[in-house]
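**Q** Here it is: the structure, laid out below.
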Amino acid sequence: EDEFEVLVPMIAAYQRFYEARDIRDERNRAFFRRFLAPSDDGMLIGAWRGDRLVGYSCLYWHFSSTRAVETVLMNDLYVDEAARGAGLVK
């Protein structure tokens, strides 16, 4: 929750990367807040280098009726342009 506001501009950067239109921080806050743990909808995972957020992923929980299992879809994955190609975040 404390780090969520740091993520909001990165969500907008992700949307600009994919040429989304009508990007609004308030709508993003309302939509992505549902993925803050604990959540029945999914999970947000941040990648940090020191105290700097350099990437994030949003996972959506869903189900497979053919396999009769719960599963997860990595719907969003974004790395800040300046951090791309720098290797794993430890």
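**Q** Scan the range 57-77 for residues that are within 15 Å of Pro9 (Cα to Cα) and in contact with a Ser or Thr (Cβ under 8 Å, 6 or more places away or on another chain) and jot them down. Give the steps one after another, and end with the answer.
**A** Kept after step one, since they are within 15 Å of Pro9 (Cα to Cα), are these residues of the range 57-77: 57-58, 76-77.
The answer is Asp76, Leu77.
**Q** Now a separate question. In the range 39-56, which residues are surrounded by fewer than 16 Cβ atoms within 10 Å (Cβ to Cβ) and either under 17 Å from Pro9 (Cα atoms) or in contact (Cβ under 8 Å) with a residue 40 or more places away in the chain (or both)?
**A** Ile45, Gly46, Trp48, Arg49, Asp51, Arg52
**Q** Still on this structure, please answer the following. Only one of these is outside any strand (DSSP E or B) and among the hydroxyl-bearing types (Ser, Thr, Tyr): Ser39, Ser57. Name it.
**A** Ser39
**Q** I need a count of the residues in the range 62-83 that are of a type outside the set (Val, Ile, Thr) and open to solvent by less than 100 Å² (accessible area, probe 1.4 Å).
**A** 10
**Q** Is it true that some residue in the range 14-36 is loosely packed, with under 15 Cβ neighbours inside 10 Å and in contact with an Asp or Glu (Cβ under 6 Å, 6 or more places away or on another chain)?
**A** Yes, the range 14-36 contains at least one residue that is loosely packed, with under 15 Cβ neighbours inside 10 Å and in contact with an Asp or Glu (Cβ under 6 Å, 6 or more places away or on another chain).
**Q** May I ask you to list pairs of residues, at least six apart or on different chains, whose Cβ atoms are under 9 Å apart, with the first in the range 74-86 being in contact (Cβ under 8 Å) with a residue 60 or more places away in the chain and the second being of a type in the set (D, E, K, R) and open to solvent by 90 Å² or more (accessible area, probe 1.4 Å)?
**A** That search, which allows pairs on different chains as well, returns Asp80/Arg52.
The values are calculated or read from the model by the stated rules, or taken from the named source; none is laboratory data. This one's a predicted model, so the numbers in the text were calculated from it and none came from an experiment. Here the Cβ is made from the backbone with ideal geometry for all residues, glycine too, and neighbour counts use every protein chain on show. Heavy atoms of the whole protein, side chains included, go into the accessibility calculation; ligands, DNA and RNA do not. Shrake-Rupley method; radii C 1.70, N 1.55, O 1.52, S 1.80 Å.
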